[in-house]
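Beneath this line is the structure, given in structure tokens, with notes to follow.
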Amino acid sequence: MESARSGCAINAAVEAFGDSWSLLVLRDVMFGNRRYFRELLTGSEERIASNILADRLKRLVKASLLTREDAGPGRRAAYSLTESAIQLVPIFAHLGAWGMRHRPTTPRLRARAELLADGGPELWDEYMAELRTIHLGQPAPERDGPSVMERLAAALGSGAGQFEVAPDSGAVRVEVGSGAGPFAGQDRDLVADGEAQGGVDQAPGVRRTRLQDPDLT
């Protein structure tokens, strides 16, 4: 780990995870349970670019906020939160509460922040215990009723829409259908490479999508 610019505790935290994309990647691993590169890329509400995502994942691993599974050649590598990252749950709860108070938000995308704010420290502790089970392999805590993760998912809504591939100026446009997912009612352009094959060559001119995926080691 590189030395910090100063000995200030706030500066030390900012250097570890303070840029906007790093925070958003951690958010999606922490609250969206997205553990793989492609999940993080296609599920990004903010449409993170693949090169930025790859860079931030490397930074977060280097900062000991994520670990990367040694999956072996040709297999997807999962990312896991470390204990220091899990302890950021209250920070994210406070950030979400601040955003609701002082910035424009949408009802669906502020739903998790509202749940975290309403639940307070007791809910945060419960969720951190769940994350330790998922990411660190600790025993599952006893509970009655749905988990915090299930309640967060229900608050956000389900259904990411259906992906359809169509030709668009020599590239590939992924049109996402209706639903409550990150790209509901939106289009997403992806870099295409190679001739049409497999299940995406039903229309003339459609080319196969090929994304550089650091999950495959």
Checklist entry - Using a simple spin-label model with points 7 Å from Cα along the Cα→Cβ vector, what separation in nm is obtained for ASP144 and ALA71? => result 4.0 nm
Next on the checklist: Students often check this: by mean Cβ neighbours within 10 Å, which of 63-72, 109-118, 136-145 ranks highest, and how do the rest follow?
Outcome noted: 109-118, 63-72, 136-145
Item to check | Test item: Cα-centred dipole of the range 1-132, Lys/Arg +1 and Asp/Glu -1 on Cβ, debye | outcome: 520 debye
Checklist outcome for this item: So, with points 7 Å from each Cα along the Cβ direction, the THR82-ARG108 label distance in nm works out to 3.5 nm
Item to check | the range 9-156: radius of gyration over Cα atoms, expressed as a fraction of 2.2 N^0.38 Å | outcome: 1.03
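Quick note: the coordinates plus some simple rules give every number you see, no bench work behind them. These numbers were taken from a predicted model, which means no experiment stands behind them. Methodologically, a virtual Cβ is constructed for each residue, glycine included, from the backbone with ideal geometry; neighbour enumeration extends over all protein chains shown.
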